[in-house]
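Notes follow the structure.
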Amino acid sequence: MKSAPFDYVRPESVAEASALLAQDGVTTAAIAGGQSLIPMLSLRAAQADLLVDVSRLDELKAVRETPQALHIGALTTHAAIEDGKIPDPFNGLMRRVASTISYRAVRNHGTIGGSVALADPAADWPGCLMALGATVHIAGPGGTRQQPVVDFVKGLYETTLASGEIVIGFDVPRPTSPLCWGFAKVVRKSGAFANSIAIVVAPGKGGPITAVLSAAGPRPIALANAARALGNGAMSDDTLRTAIAADLKADLPGADAYEQRLHTATVLRAAREMQATS
């Protein structure tokens, strides 16, 4: 199929892009790497009267470090993260996540900002940034604002972005100790959408543990019971399975037997990898 007709414009500033996206009576969409939006337009799963190309805006490309956090610009590509072209205070976690996203051709163009702004349930970055406690920076007609990623992603392709707002980048807190982490992902074939993604992180041995499950529901899920069990030193599979089952019952009550086994196995793999590095 081919997309419905649309107009295209390339603004020269974030302010101009914001104004274009906020037009009344016009269905607009921001485009950068286009690795998700273009196929959706081609399949007419999404339609827009105007595409606003933000791919050349330097304001969205900034990557900088402070003693407290790493700022990652929204236009940072998956490949740049995979190749270590940005600083890595997370002991290789973000490089690992980036390396599993689709194919290299997609990673060369797809961006971290586009991934989070789209809020595809099977995307890797929303869950990863939630696990790391990241904050999203947003610019719009009313100025700029910040919001934890955990609150920014609301559901299936749904975020808190209002008309005219654009994701600028993310502040990811630097761990106070070397980060211990585990990452597990299940896909039916190479490059396909994920069926289950689990990330478990702990800032150093004995640090507070966070466990997040993605590609399981409309948005990433924080697994409080599993994190608590791991924090209490749970080592047996039975103990962890019981904790994971409690999380799935609370957050995915409609999961069938296969989905429960799938997500339990993914979380267990991530937990064991995290424990092996702690």
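For the stretch 62-74, the count of residues that are out of contact with any Lys or Arg (no Cβ under 6 Å at 6 or more places or on another chain), under 17 Å from residue 167 (Cβ atoms), surrounded by fewer than 16 Cβ atoms within 10 Å (Cβ to Cβ) and without any contact (Cβ under 8 Å) to a residue 12 or more places away in the chain is at least one.
All of 164, 155, 142, 191 fail the test of being without any contact (Cβ under 8 Å) to a residue 60 or more places away in the chain, farther than 18 Å from residue 273 by Cβ and surrounded by fewer than 23 Cβ atoms within 10 Å (Cβ to Cβ), apart from 142. When the criteria are applied in full, residue 173 meets the requirement of being surrounded by fewer than 21 Cβ atoms within 10 Å (Cβ to Cβ) and either outside the structural domain of residue 273 (by TED's automatic domain parsing) or more than 16 Å from residue 118 (Cα to Cα) (or both).
Quick one: is residue 36 in contact (Cβ under 8 Å) with a residue 60 or more places away in the chain, touching a Ser or Thr at 6+ places or on another chain (Cβ under 8 Å) and not assigned by TED's automatic domain parsing to the domain that holds residue 77? Yes; evaluated as a whole, the condition is true for this residue. Restricting 245, 202 to those that are of a type outside the set (S, T, N, Q) and either under 22 Å from the mean Cα position of the chain (by Cα) or under 15 Å from residue 130 (Cα atoms) (or both) reduces the list to 202.
With respect to residue 24, is the statement that it is under 24 Å from residue 156 (Cβ atoms) and assigned to a loop (DSSP other than H, G, I, E, B) true? Judged against the criteria, residue 24 is not a match.
Conditions (1) in contact with a strand residue (DSSP E or B) (Cβ under 9 Å, 6 or more places away or on another chain); (2) modelled with pLDDT of 95 or more; (3) more than 22 Å from residue 15 (Cβ to Cβ), marked per residue:
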| residue | (1), (2), (3) |
| --- | --- |
| 42 | no, no, yes |
| 45 | no, no, yes |
| 57 | yes, yes, no |
| 70 | yes, yes, yes |
| 73 | yes, yes, no |
| 76 | yes, yes, no |
| 81 | yes, yes, yes |
| 92 | yes, yes, yes |
| 97 | yes, yes, yes |
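The values are calculated or read from the model by the stated rules, or taken from the named source; none is laboratory data. As the structure is a prediction and not an experimental result, all values here were calculated from the model. Here Cβ is always computed from backbone atoms with ideal geometry, including for glycine, and neighbour counts include all displayed protein chains.
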